[in-house]
Amino acid sequence: MYLEQLSNAFGPSGAEGEVRKIIIDAVNPFADDWRVDPMGNLFVTRNRRLDAPGRPLRVMVTAHMDEVGFLITRIKSDGQLKFEPIGGFDPRVLLGKAVVVGRERVPGVIGVKPIHLLKAGEYSRVKDLSGMTIDIGASSSSNARVQPGDSATFATKFGYLGGQSRRRADRGQVKGKAFDNRAGCAILIELLRGDYPVDVVGVFTVQEEVGLRGARVAAFAAEPDVALVLESTAADDLPQLDEDAEAGLPRLGDGPAITVMDNRFIADRRLVDLLIATAGAESLPYQFKRPGIGGTDAGAIHLTRAGVPSVVVSVPTRFIHSPAAVLELADFWAAKKLVAAALSRLPQQEWL
């Protein structure tokens, strides 16, 4: 399982090179072909190996490589770094967090005034990013070792929770950064090892967190008959502000989440039904993503050329877009099994 290596890799939007290198090394032994386009999207082809009538269906299976992060915009005279977000953040999760900056992976901390120095009225206020800096231990702009335009992201390392060890990697909870969407990337690597009655074009996309940019051009180039997007989605089995409120969906441990609708697209109902039927036939758990929130690469893919029937399968994840997220490995592997089985059943769909 490549989730640990991918989670620890540095890869904010526009700086996905380290992640892409890990994936190329992983898929090279079993890929029929791979290439990188001008934007940085990685295309990996696994041709049809099982018999099916007619021409092979061309199925685009995608996962985005980029993670949320920060862009250094200015170095102050005292060596503190000003920054802007890459992707979406709740400012409350940033204060005092460890980060790494630039190509040299310079360690730093997001600056915040300690509680001892707060004035009356400041306790309940959360600063926006304009009031924060990154401290890398520099005393001036001349010895900062970074420059404007460099990227930064969290310094969190992957780990197992609840006494879980590497010896049992099929269940239990793990924590790490960038599970959105290194979880999808790790699943796609596993899927590309399989044999299917369709041509699979695995596309590891760039710049999803800043507007689905890589997927837009990748889908145009791939010309798929069908698209299946692998993602990580926000779990809602969290502490509630209202103590009487019930936890929402999706929940960790209840299986992969199927999207019916989000802010960017409505899933092709025939593909949703295929996933549901496949889960039933394979005795796999599944649940549904909360409708109408978020967006994925499917929002760009399904509008490409004359339109592409698309669907999304996600691993439920707590605390996404934060320094450390948590997922359940059983959901991860169930998502992989569900998508693999659905790919095998696709040629049986008369509507394609």
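The values are calculated or read from the model by the stated rules, or taken from the named source; none is laboratory data. No experiment lies behind these values; they were computed from the predicted model shown. All Cβ positions, even for glycine, are placed from backbone atoms using ideal geometry, and neighbour counts span all protein chains on display.
Return yes or no: is Asp51 in the same structural domain as Val210 (by TED's automatic domain parsing), among the acidic types (Asp, Glu) and not in a helix (DSSP H, G or I)?
Taking the combined requirement at face value, the residue satisfies it.
Tell me which residues, restricted to the stretch 342-352, are farther than 15 Å from Val272 by Cβ and in contact (Cβ under 8 Å) with a residue 24 or more places away in the chain.
Answer for the stretch 342-352, where residues must be farther than 15 Å from Val272 by Cβ and in contact (Cβ under 8 Å) with a residue 24 or more places away in the chain: Leu343, Ser344, Pro347.
Wholly within the stretch 255-352, which helices (runs of 4 or more DSSP H) include no fewer than the required count, namely at least 1 residues that are over 24 Å from Asp237 (Cα atoms) and touching a Gly at 6+ places or on another chain (Cβ under 9 Å)?
298-301, 329-345
Among (1) under 24 Å from Val315 (Cα atoms); (2) touching a residue at least 60 places away in the same chain (Cβ under 8 Å), where does Gly40 come up short?
Result: Gly40 fails condition (1) only.
Residues checked against (1) loosely packed, with under 13 Cβ neighbours inside 10 Å; (2) not acidic (Asp, Glu):
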| position | (1), (2) |
| --- | --- |
| Val19 | no, yes |
| Val27 | no, yes |
| Asp51 | yes, no |
| Arg55 | yes, yes |
| Ile72 | no, yes |
| Gly102 | no, yes |
| Ile110 | no, yes |
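For the stretch 70-99, which positions are modelled with pLDDT of 95 or more and at positive phi?
Passing the criteria: Gly79, Gly87.
Might you check whether a residue that is crowded, with 22+ Cβ neighbours inside 10 Å and of a type in the set (S, T, N, Q) occurs anywhere in the stretch 317-334?
yes
Are any of the residues in the stretch 59-69 free of Cβ contacts under 8 Å to residues at least 24 places away in the same chain and under 30 Å from Phe179 (Cβ atoms)?
no
Here are Thr259, Thr304, Thr278: which of them is in contact with a Leu (Cβ under 9 Å, 6 or more places away or on another chain) and surrounded by 17 or more Cβ atoms within 10 Å (Cβ to Cβ)?
Of Thr259, Thr304, Thr278, the one residue that is in contact with a Leu (Cβ under 9 Å, 6 or more places away or on another chain) and surrounded by 17 or more Cβ atoms within 10 Å (Cβ to Cβ) is Thr278.
Condition first: touching a helix residue (DSSP H, G or I) at 6+ places or on another chain (Cβ under 6 Å), closer than 22 Å to Val206 by Cβ and polar (S, T, N, Q). Can you find one or more residues in the stretch 16-32 that meet it?
Scanning the stretch 16-32, I find no residue that is touching a helix residue (DSSP H, G or I) at 6+ places or on another chain (Cβ under 6 Å), closer than 22 Å to Val206 by Cβ and polar (S, T, N, Q), so the answer is no.
Return the total of residues in the stretch 127-147 being at pLDDT below 85 and either over 27 Å from the mean Cα position of the chain (by Cα) or surrounded by 13 or more Cβ atoms within 10 Å (Cβ to Cβ) (or both).
2
Of all residues in the stretch 159-215, how many are farther than 20 Å from Arg49 by Cα and surrounded by fewer than 19 Cβ atoms within 10 Å (Cβ to Cβ)?
The qualifying residues number 17.
Give the stretch 314-338 a look and list any residue that's in contact with a strand residue (DSSP E or B) (Cβ under 6 Å, 6 or more places away or on another chain) and among the hydrophobic types (A, V, I, L, M, F, W, C), or say none.
Residues satisfying the conditions are Val315, Phe319, Ile320, Ala324, Ala325, Val326, Leu327, Phe332, Ala335.
Under 9 Å between Cβ atoms, which residue pairs at least 6 apart in sequence (or on different chains) link something in the stretch 278-293 that is in contact (Cβ under 8 Å) with a residue 24 or more places away in the chain with a partner that is of a type in the set (Lys, Arg)?
The qualifying pairs are Thr278/Arg345; Ala281/Arg345; Glu282/Lys337; Leu284/Lys337; Gln287/Arg251.
Any idea how many residues of the stretch 3-19 are within 21 Å of Ala325 (Cα to Cα) and in a helix (DSSP H, G or I)?
8
Could you check the stretch 75-126 and list, in sequence order, the residues that are among the β-branched types (Val, Ile, Thr) and within 22 Å of the chain's Cα centre (by Cα)?
The answer is Ile86, Val93, Val99, Val100, Val101.
Out of Arg92, Arg103, report the one residue that is out of contact with any strand residue (DSSP E or B) (no Cβ under 8 Å at 6 or more places or on another chain) and not in a loop (DSSP other than H, G, I, E, B).
Being out of contact with any strand residue (DSSP E or B) (no Cβ under 8 Å at 6 or more places or on another chain) and not in a loop (DSSP other than H, G, I, E, B) holds for just one of Arg92, Arg103, which is Arg92.
Considering only the stretch 68-85, I want to know if a residue exists there that is more than 30 Å from Asn143 (Cα to Cα) and in contact with a helix residue (DSSP H, G or I) (Cβ under 7 Å, 6 or more places away or on another chain).
No, the conditions are met nowhere in the stretch 68-85.
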